[in-house]
Structure formats: C-alpha cells, structure tokens
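Structure record follows, encoded as structure tokens.
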Amino acid sequence: MAPNPVTSHVRCDRAAVHPSWAAELWRRVRRLFWLKTAGITAFMWLFFSAYFYLLRHPSSAVFEMPLTALDRAIPFQPSTFVAYASLWFYVGIAPGLMLTLRELLRYLAWIAALCGAGLACFYFFPSAVPPYDFGAAHDNGIAMLKGVDAAGNACPSLHVATALFSAIWIRRMLGTVGVPTPLHWLNWAWFGAIAYSTLAIKQHVVYDVLGGTLLALLFAWPAWRSDAGSGR
C-alpha cells in the first residue's frame with residue numbers, strides 16, 4: 001500500500017516541531033556558547049580570587065571542625081579525586097543548557113548569592129578540617145590539591161553546595177528537554193560522587209557536607225520558585 005502523503009506530511013511537521021531530546025540538548029549547548037564559556041570562566045576567576053584571599057588571610061582564629069564516626073569510617077581514597085575535580089565541568093552544565101540571556105543572568109545572580117553567603121561564612125567563621133596523615137597514598141593529584149587548596153574554608157563545603165545547586169538545576173533543565181530517566185539517575189549519581197569525594201580525599205568532614213547541603217537548599221528553593229514565577 002502506498003503511503004498516505006497527508007499522514008507523512010503531518011509526521012514530518014511533528015518531528016520538526018518536537019525534535020528529539022538529543023537534538024534539543026545540542027541546540028541548547030550551541031546557543032550563546034561563547035558567551036556562556038566566557039561568563040562561566042569570568043565568574044570562576046572572581047570567585048576563586050575571593051576564596052583564596054580568605055583562605056590565606058582568615059579574619060580570626062581558625063576553628064578545627066570535629067570528626068564524626070562516619071569521617072573515621074571512610075578511608076582515604078585518592079581515586080575519588082577525579083570525581084572531586086569533575087565539579088568544575090559539572091557546574092557549567094545547567095547554565096550551558098539555557099537558551100536566553102535573561103535565564104543566564106538570573107541563574108548567575110542566584111549562584112553568586114550562594115557563593116557570597118559561603119564566603120561570608122568563611123570570613124566570619126574561619127574553619128579547617130583536622131590534619132590527616134596521608135602517608136604513601138598521598139599521590140601527585142592530591143598533593144597538588146593540598147598545595148593549592150589547603151584544608152581551610154571548610155564549613156560549609158562550597159564544593160557540595162555548588163554541586164547540589166547545580167544538580168537541582170540540571171534536573172530541571174533535563175526535565176524541560178524530556179530526556180530519558182537514566183540521564184536523571186546519572187545526574188544524581190554524579191552529584192553523589194562529587195559529595196562523597198570531598199570526604200574520601202579528606203578535604204571536608206561530614207559537618208562541612210551537611211552545611212553545604214543546607215546552603216544549597218536555602219538558595220535552590222527560592223531560585224526555583226523565582227524562575228517558575230517569571231513565566232519562562
């Protein structure tokens with residue numbers, strides 16, 4: 001039987017109006033790509049300038065964070081450094097999937113507010129994790145991290161806070177695109193790996209992770225509501 005030309009035309013129109021989720025993701029990545037890249041780079045530069053200044057010039061005596069039974073139970077695992085370092089790519093995913101400058105600026109305002117709150121905590125309440133004997137397991141990657149990012153600026157963990165804030169927004173962006181469920185699982189698994197790595201390489205303790213989680217939720221909820229109310 002010959003295909004119905006009317007039906008075939010309708011199918012083509014539907015495919016054009018409703019592209020596959022992969023095509024939509026790629027369209028979003030390409031949209032404002034160089035502006036996003038430059039903006040994320042500039043934001044990170046400004047953040048780290050303030051972060052390392054506070055790390056090297058604490059405003060008062062540095063409080064040593066207490067260990068919990070879970071901190072003692074988790075062994076040092078240098079292999080998780082890869083997950084730890086992946087944050088710097090992960091935090092770019094949500095803004096990388098946005099379509100408009102307005103969305104980007106709104107997101108930037110909220111993530112800047114979150115980071116500003118974390119930096120304020122470091123200024124008014126300097127903290128550090130207890131010293132840890134890495135022994136022979138102290139490989140080159142960890143040595144570089146400890147040399148650049150010392151064990152200060154501990155609580156709340158901005159590594160966890162920015163990862164969770166990103167995970168929540170990535171979840172929203174993926175939901176908008178309509179990706180398959182396994183990609184949502186991958187998103188949360190990636191966040192979980194980043195959060196766990198902060199404990200496994202002894203860069204943070206449990207109280208830091210809890211503080212970072214709370215900080216992320218304090219900003220993610222109103223940010224989400226504000227974005228939904230904007231009529232985007």
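The condition of being modelled with pLDDT under 95, of a type outside the set (D, E, K, R) and in a helix (DSSP H, G or I) holds for only one of Leu114, Leu104, Leu119, that being Leu104. Of Leu99, Leu104, all but one fail to be in contact (Cβ under 8 Å) with a residue 24 or more places away in the chain and over 17 Å from Trp224 (Cβ atoms); the exception is Leu99. For the stretch 86-107, enumerate the residues that are surrounded by fewer than 16 Cβ atoms within 10 Å (Cβ to Cβ) and either acidic (Asp, Glu) or within 30 Å of Tyr123 (Cβ to Cβ) (or both). Answer for the stretch 86-107, where residues must be surrounded by fewer than 16 Cβ atoms within 10 Å (Cβ to Cβ) and either acidic (Asp, Glu) or within 30 Å of Tyr123 (Cβ to Cβ) (or both): Ser86, Trp88, Phe89, Leu105. Looking at the stretch 51-100, the helices (runs of 4 or more DSSP H) lying wholly inside it that each contain 3 or more residues that are under 30 Å from Arg172 (Cβ atoms) and not polar (S, T, N, Q) sit at 81-85, 87-90, 93-96.
Scanning the stretch 38-67 for residues that are free of Cβ contacts under 8 Å to residues at least 40 places away in the same chain and aliphatic (A, V, I, L, M) turns up Ala38, Ala42, Leu46. On inspection, Asn153 qualifies as at pLDDT 80 or above, more than 20 Å from Leu108 (Cβ to Cβ) and polar (S, T, N, Q).
The values are calculated or read from the model by the stated rules, or taken from the named source; none is laboratory data. The structure presented is a predicted model; accordingly, all values stated were derived computationally and were not measured. Cβ coordinates were reconstructed from backbone atoms using ideal geometry, including for glycine residues, and neighbour counts include every protein chain displayed.
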